[in-house]
Amino acid sequence: MSDLVSVQAKVHGHVQGVFFRDFTSRRARGLDLNGYVRNLPDGTVGVYAEGERGKLEEFIRHLKTGPPSATVDSVEVAWGEYSGSYSGFSIRY
C-alpha cells in the first residue's frame, strides 16, 4: 500500500471555459483516482487526486496536455500523503 499517494496540481494557461474540468474528471475516473477538480479565481484549474503513484504520474501527463480547446502553459505539482478521504472523483463548482 506504500505506493498510494496524493497530488495537488495547479494548471496554468487557457484552461477555463474549455471543458478542462470535464476532461480532468474523465481521465481521473478512467485511472481509478479519487479527488476533485475546480476552477480557481485566478483563472487556473486546481486538482487534488489520490491513488497509485504510477496512475497519478500518467494523470499528470494528461493535465499537461489538456483537451483540444485548452492551452496549458504549465502545471505546478506537489506530492503528498494518501488520506483515503475521497470516494470517486468530482467536479467542484
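Bear in mind these aren't lab numbers, they're just calculated from the coordinates by the rules spelled out. Everything numeric here is computed off the predicted structure, so don't read it as measured data. Cβ coordinates were reconstructed from backbone atoms using ideal geometry, including for glycine residues, and neighbour counts include every protein chain displayed.
Here are the numbers:
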{"read-out": "Conditions (1) surrounded by fewer than 15 Cβ atoms within 10 Å (Cβ to Cβ); (2) on the phi < 0 side of the Ramachandran plot: number failed by V75", "value": "(1)"}
{"read-out": "Segments classed as strands (runs of 3 or more DSSP E), wholly inside segment 1-68, with at least 1 members that are in contact with a Lys or Arg (Cβ under 8 Å, 6 or more places away or on another chain) and of a type in the set (K, R)", "value": "34-39"}
{"read-out": "Test: residue in segment 79-89 that is out of contact with any Ser or Thr (no Cβ under 6 Å at 6 or more places or on another chain), over 26 Å from G17 (Cβ atoms) and among the hydrophobic types (A, V, I, L, M, F, W, C)", "value": "yes"}
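Table: residues versus (1) surrounded by fewer than 16 Cβ atoms within 10 Å (Cβ to Cβ); (2) without any contact (Cβ under 8 Å) to a residue 40 or more places away in the chain.
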| site | (1), (2) |
| --- | --- |
| V11 | no, no |
| D22 | yes, no |
| S25 | no, no |
| R29 | yes, no |
| L40 | yes, yes |
| G54 | yes, no |
| E57 | yes, yes |
| Y86 | no, no |
| I91 | yes, no |
